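Okay, so here's the structure we're looking at.
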Protein chains: 2
Amino acid sequence: MARLVERKLGVLNVGLAQFAEAIATAGGAALQVDWAPPAAGDRDAAMALARLVNAPAIENANRKAFEAFLAASPVLRGVASARELPGLTGRMLLHAGPPIEWARMCGPMQGAIVGAILYEGWAKNADAARALAASGAVRFEPAHHHAAVGPMAGIISPSMPVWVVEDTAHARRAYSNFNEGLGKALRFGAYGAEVLARLKWIETVLAPAAGAALASLGGIELKPLMAQALTMGDEVHNRNAAASALLLRRLAGALVRAAPAPAALGEVFDFIAGNEHFFLNVSMAACKAMLDAAHGVPGSSLVTAMARNGVEFGIRVSGLGERWFTAPAAAVDGLYFAGYSAADAARDLGDSAITETAGLGGFAMAAAPAIVKFVGGSPEDAIENSLRMRQVTLGESSVFQLPALDFRGTACGIDARRVVDTGIEPVINTGIAHRAPGVGQIGAGLTRAPLACFAQAVVALDAQLGRG
Amino acid sequence: MARLVERKLGVLNVGLAQFAEAIATAGGAALQVDWAPPAAGDRDAAMALARLVNAPAIENANRKAFEAFLAASPVLRGVASARELPGLTGRMLLHAGPPIEWARMCGPMQGAIVGAILYEGWAKNADAARALAASGAVRFEPAHHHAAVGPMAGIISPSMPVWVVEDTAHARRAYSNFNEGLGKALRFGAYGAEVLARLKWIETVLAPAAGAALASLGGIELKPLMAQALTMGDEVHNRNAAASALLLRRLAGALVRAAPAPAALGEVFDFIAGNEHFFLNVSMAACKAMLDAAHGVPGSSLVTAMARNGVEFGIRVSGLGERWFTAPAAAVDGLYFAGYSAADAARDLGDSAITETAGLGGFAMAAAPAIVKFVGGSPEDAIENSLRMRQVTLGESSVFQLPALDFRGTACGIDARRVVDTGIEPVINTGIAHRAPGVGQIGAGLTRAPLACFAQAVVALDAQLGRG
């Protein structure tokens with residue numbers, strides 16, 4: 001022992017960095033290895049994980065689920081009324097994220113519900129709408145329970161038009177509402193007259209024109225369009241500039257032939273051309289369709305949804321049915337528009353993390369170096385995020401390529417086990433809403449899916465498989 | 001000396017690598033320094049260069065020329081008939097590159113001239129057109145002599161419509177013809193019935209619609225649009241997918257309101273939407289406008305045009321008036337479409353190297369990693385090309401940024417002295433035409449502006465300044 005200390009020490013320090021720093025301060029050399037206990041020290045999750053790692057039943061289930069995800073072929077088929085959504089009946093409003101009751105909803109979601117009630121004509125003014133919402137006479141259910149997704153508050157009411165995305169490989173549909181553009185918008189909780197007028201215009205002018213154009217085209221294959229957008233600087237969550245322009249390009253000729261009066265047509269083109277986020281909702285429905293194809297494989301730990309209601313973050317897992325695993329929604333670390341700060345921000349909100357669940361958005365940031373001007377960080381950070389997500393996923397996309405990473409596919413197919421094992425929380429690019437209803441977007445940034453959701457899912461999967 | 005050889009030798013080898021390799025083969029260590037004599041050993045150019053380096057008159061002239069280049073503000077103002085081009089009169093056809101007579105022209109250029117003669121109705125058939133061209137009854141002049149540029153053969157005839165780009169900072173105009181799309185096209189020397197019919201449709205349907213739309217918009221600022229395209233994977237020479245979609249997006253509403261019958265409108269949208277190179281000619285005219293703003297500054301060694309006629313590569317220099325400095329056009333190193341090889345290729349052709357002259361195209365490849373699938377190489381090569389061009393340029397663009405290089409501006413303002421000094425030839429992304437008229441594009445790749453052009457320019461500038 002004495003001889004050991006006499007020699008020059010080479011220290012390998014695993015875990016807490018302070019020990020290595022102390023040695024360095026004393027003039028010694030220590031190599032620091034980043035390590036944290038699985039499940040951040042959650043003993044139940046760690047024990048469950050130990051039983052689930054390399055379990056053949058789970059590996060086989062994940063292979064099956066991941067193959068179904070890769071095989072999905074979402075096609076933008078047309079436009080429908082939200083009344084056609086499976087299970088949407090009567091006075092029901094759909095919202096983003098896991099289930100939540102009126103009283104606990106965040107400001108933007110309550111504001112959007114007031115707006116939707118006014119838009120539907122169920123109440124005469126905002127006070128009456130608020131009273132109706134609180135009375136229990138309106139049912140609130142997650143959009144995800146009705147094959148749909150919506151950004152931010154994600155409110156979908158029966159009269160709203162929805163995009164119909166059909167996964168032709170599995171004959172299954174997913175839906176999303178129409179993007180209203182930036183500024184005052186229902187999805188941020190605004191419900192003023194101009195917001196309601198725009199929703200009515202979308203319902204009566206834009207949606208029929210888009211529906212007619214899509215009918216004449218027979219649909220638009222979305223994977224090639226999204227893959228092309230990735231080579232054009234989009235990650236198809238927070239940046240949809242290319243995808244929106246490509247969608248307009250695909251629709252233009254058909255819109256001209258199929259649409260009604262020239263005046264309306266000019267408005268339609270101006271609206272689509274003026275909204276770089278126009279494609280976001282289509283992207284979300286496409287991702288939902290791809291992930292629904294992978295849902296319901298018994299034993300699979302593949303994450304098929306990540307969604308936030310502004311209070312809780314929830315995930316769903318292929319082998320765990322309709323259950324949500326939730327944790328408090330995180331704050332978003334980002335850049336704020338002039339005049340706003342983190343103190344004004346709502347918590348993480350919206351179904352749009354379905355894009356990250358499908359290996360896009362934050363997972364595909366390497367495709368979108370320019371997005372760092374919007375969400376913060378450097379282009380190197382963007383590449384680093386895309387690389388790090390390979391540690392929590394089952395594989396790479398066969399179609400979505402990252403030019404900056406020599407055309408490697410995006411990391412996709414989040415494995416709840418790997419998140420728990422590595423402690424690496426899935427990264428999410430997102431907009432930031434003001435905490436008060438109706439102010440709108442005040443910034444954009446990065447956030448992470450809470451580890452606790454994945455730890456619960458791992459415990460539940462272990463329980464379902466009969467605990468070893 | 002004996003003691004020197006006894007010791008371990010550390011060899012620094014400058015220039016020819018073989019000496020270093022010999023030492024390495026013998027088991028020694030040698031550090032190789034890349035170096036070549038200025039002007040690749042051209043003694044006259046090297047002597048001229050020695051007198052021109054750091055000459056205050058040239059530095060001042062270059063500063064002035066470069067500032068004018070940066071200050072240029074090209075606006076897509078409208079559409080005109082080529083008859084309105086300055087100096088285009090009677091039976092004159094404009095072509096790409098430096099001056100060349102009919103007999104020496106390459107296949108694609110002769111084919112395009114036959115097509116233009118038929119399109120103008122100056123001859124009844126191809127044989128008669130060829131005879132007319134050879135007779136001397138048609139004048140051939142570089143488009144560059146008439147404030148215009150054209151891709152590949154670059155033929156512009158009096159009846160063709162041209163884009164009007166106005167540099168509002170200097171009240172000066174530049175022009176280009178309309179892009180016909182891929183496949184059989186006049187610019188590749190095709191002159192079949194479908195080519196002529198498409199030219200007539202461009203003249204009678206597309207151009208009036210685009211002109212009316214631009215008139216109602218009052219014009220489109222091109223620098224912001226091109227800068228945005230650089231954040232979307234374009235380098236606005238060989239890749240214009242984003243810029244074309246952005247231009248369509250800007251025009252769409254105005255086209256609907258300004259244009260004629262719905263049937264024609266559908267054709268217009270389909271044509272623009274179906275051609276990812278639609279913006280190329282607009283990009284070229286914008287670059288021409290920026291560079292013309294820098295032309296004519298006495299003493300300036302700034303390169304204001306690089307252009308190829310398929311036989312010769314020519315450059316023009318700000319301080320050297322209307323003179324061209326030429327060398328044989330190079331072959332293009334690239335990827336060929338299925339069924340074609342280098343044996344089928346025409347030499348470097350077209351005015352489109354005006355984009356590289358303005359710091360775009362090959363100089364901005366770092367913005368367009370996906371282009372390597374088209375021109376060859378890896379995304380790393382693309383970044384390397386953009387970095388290397390900083391060694392031959394006067395500065396960086398104030399508006400055109402490269403996200404992958406942490407938003408540094410593109411290298412721009414080619415200094416003929418620096419090209420000669422470093423021996424680094426400006427890189428050019430380009431399409432490859434079949435050597436026979438009418439076959440069309442058979443590939444794309446990289447080529448370089450020949451050093452000899454720059455060496456001649458340096459000698460001429462030295463002579464003009466009175467030789468030291």
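Any read-out appearing in this document is the output of simple, stated calculations on the displayed coordinates, not a laboratory observation. None of the values given here were measured: they were computed from a predicted structure. We place every Cβ from the backbone using ideal geometry, glycine too, and count neighbours over all the protein chains shown.
Inter-chain neighbour count for A:361-370: the average number of beta-carbon atoms from partner chains within 10 Å of each residue's beta-carbon is 3. By the count of other C-beta atoms within 10 Å, a proxy for reagent exposure, B:Trp122, A:Trp35 are ordered fewest to most as A:Trp35, B:Trp122. Overall, the anisotropy analysis places chain B in the prolate class: the square-rooted eigenvalues a ≥ b ≥ c of its C-alpha gyration tensor yield a/c not less than 1.5, with a/b exceeding b/c.
What share of Cα pairs, in percent, lie more than 19 angstrom apart in the range B:1-133?
Details: 6712 of 8778 pairs.
Here the tail beyond 19 Å accounts for 76 percent of pairs.
Dipole of the protein assembly as shown computed with +1 at Lys/Arg Cβ and -1 at Asp/Glu Cβ about the Cα centre; of A:Ser378, A:Thr89, B:Ser341, farthest Cα towards the positive end is A:Thr89. Name the residue from A:Pro426, B:Ala305, B:Gly154 whose Cα lies farthest towards the positive end of the charge dipole of the protein assembly as shown, charges +1 on Cβ of Lys and Arg and -1 on Cβ of Asp and Glu. Selected residue: B:Gly154. A Cβ-based charge dipole, computed about the Cα centre of the protein assembly as shown with Lys and Arg at +1 and Asp and Glu at -1, lands at about 380 debye.
Whole-percent P(r), the range B:127-221, all Cα pairs, 5 Å bins from 0: 2, 11, 18, 22, 20, 14, 7, 4, 2, 0. The 3J(HN,Hα) values that the Karplus relation (6.51, -1.76, 1.60; θ = phi - 60°) gives for the range A:166-173 are, in residue order, 10, 7, 6, 6, 10, 6, 9, 10 Hz. Gly and Pro appear as x.
Where does each of A:278-288, B:52-62, B:422-432 land if you order them by average Cβ count within 10 Å, highest first? Mind dumping the intermediate values first?
Details: A:278-288: 29.1, B:52-62: 16.5, B:422-432: 23.7.
Output ranking for A:278-288, B:52-62, B:422-432: A:278-288, B:422-432, B:52-62.
Here B:Lys200 is the anchor, and the aspartates and glutamates within straight C-alpha reach of less than 20 Å, apart from those fewer than 8 places off in the same chain, are B:Glu84, B:Glu120, B:Glu180, B:Glu267, B:Asp270.
Distance from the Cα centroid of the range B:198-238 to that of the range B:369-410 is 24 Å (rounded to whole angstrom).
Each part gets one Cα centre, and for the range A:262-310 versus the range A:158-192 those centres are 7 Å apart. A simple rule links phi to the HN-Hα coupling: the Karplus curve 6.51 cos²θ - 1.76 cosθ + 1.60 with θ = phi - 60°, which for the range A:150-165 gives x, x, 6, 4, x, 6, 10, 10, x, 7, 6, x, 10, 6, 9, 10 Hz, with x for Gly and Pro.
Among the residues of B:267-273, the average count of other protein chain beta-carbon atoms within 10 Å of the residue beta-carbon is 5. Net charge in the neighbourhood of A:Thr89 (other residues with Cβ under 13 Å of its Cβ; Lys, Arg +1, Asp, Glu -1) is +1.
One way to sum up the overall shape of the range A:313-468 is the equivalent ellipsoid from its Cα gyration tensor, whose semi-axes run 27, 22, 11 Å, largest first. Would you kindly give the portion of the calculated P(r) for the range B:147-278 that falls above 17 Å, as a percent of all Cα pairs? Summing the P(r) tail past 17 Å for the range B:147-278 gives 62 percent. Here the dipole of the range A:76-285 is about 200 debye; that uses its Cα centre as origin and unit charges on the Cβ of Lys and Arg (positive) and Asp and Glu (negative). Around the Cα centre of the range B:198-336, unit charges on the Cβ atoms of Lys, Arg, Asp and Glu (plus for the first two, minus for the last two) sum to a dipole of about 200 debye. Out of the range A:276-346, which GluC sites (Glu not before Pro) are coil in DSSP terms and have no more than 14 other C-beta atoms within 10 Å? Loop-located and lightly packed - A:Glu322. Peptide A:394-404 has a mean of 2 when you count, residue by residue, the C-beta atoms of other protein chains within 10 Å of its C-beta. A point 7 Å from Cα along Cα→Cβ stands in for A:Arg104, and the other copies hold the same point at 8.3 nm, listed in rising order. Residues whose amide H lies under 5 Å from that of B:Arg408, counting only those 5 or more places away or on a different chain, are B:Leu402; hydrogens are built 1.01 Å from N in the peptide plane. Here B:Lys223 is the anchor, and the lysines within straight C-alpha reach of less than 28 Å, apart from those fewer than 8 places off in the same chain, are A:Lys373, B:Lys64, B:Lys288, B:Lys373.
Treating each Cα of the protein assembly as shown as one equal point scatterer and applying the Debye formula with no solvent, the log10 of I(q)/I(0) at q = 0.08, 0.11 Å⁻¹ comes out as -0.84, -1.26.
Note down the net charge around B:Ala254, summing +1 for each Lys or Arg and -1 for each Asp or Glu among other residues with Cβ under 14 Å from its Cβ. Provide the component values of the computation, followed by the final result.
Working: positive: B:Arg77, B:Arg249, B:Arg250, B:Arg257; negative: A:Glu267, A:Asp270.
Computed value for this residue: +2.
Across chain B, Cα pairs under 8 Å and at least six residues apart give a relative contact order of 20 percent. Placing a label point 7 Å from the Cα of A:Glu67 along the Cα-to-Cβ direction, the distances to the matching points in the other copies come to 6.9 nm, shortest first. Where only DSSP H runs of four or more residues are counted, chain A gives -11000 deg cm²/dmol as its mean residue ellipticity at 222 nm, each run worth -39500 (n - 2.57).
For the range A:56-199, what does the alpha-carbon gyration tensor say about shape, rounded, prolate or oblate, given a ≥ b ≥ c as the root eigenvalues, a/c under 1.5 as rounded, and a/b over b/c as prolate? Prolate shape, in that a/c is at least 1.5 and a/b is the bigger ratio.
Phi angles across the range B:27-38 convert, under the Karplus curve 6.51 cos²θ - 1.76 cosθ + 1.60 with θ = phi - 60°, into 3J(HN,Hα) values of x, x, 10, 9, 8, 8, 10, 5, 7, 9, x, x Hz, Gly and Pro given as x.
Between A:Val79 and A:Val164, the built amide H atoms are under 5 Å apart, and every one of these is 5 or more places off in sequence or on another chain. Summarising the amide proton neighbourhood of B:Asn13: residues at separation of 5 or more, or on other chains, whose placed amide H is nearer than 5 Å comprise B:Leu31, B:Gln32, B:Val33. Annotation note: GluC sites (Glu not before Pro) in the range B:60-104 located in DSSP loop regions with a Cβ neighbour count of at most 14 within 10 Å are B:Glu101. In nanometers and ordered shortest first, the copy-to-copy spacing of the A:Asp381 label point, defined 7 Å from Cα toward Cβ, is 3.3.
Sort the range B:31-109 into rounded, prolate or oblate with this rule: let a ≥ b ≥ c be the square roots of the eigenvalues of the Cα gyration tensor; rounded if a/c is under 1.5, and if a/c is not under 1.5, prolate when a/b is larger than b/c, oblate otherwise. Verdict is oblate for the range B:31-109. Local charge for B:Asn385 was computed over the other residues whose Cβ lies under 11 Å away, with Lys and Arg +1 and Asp and Glu -1, and equals -2.
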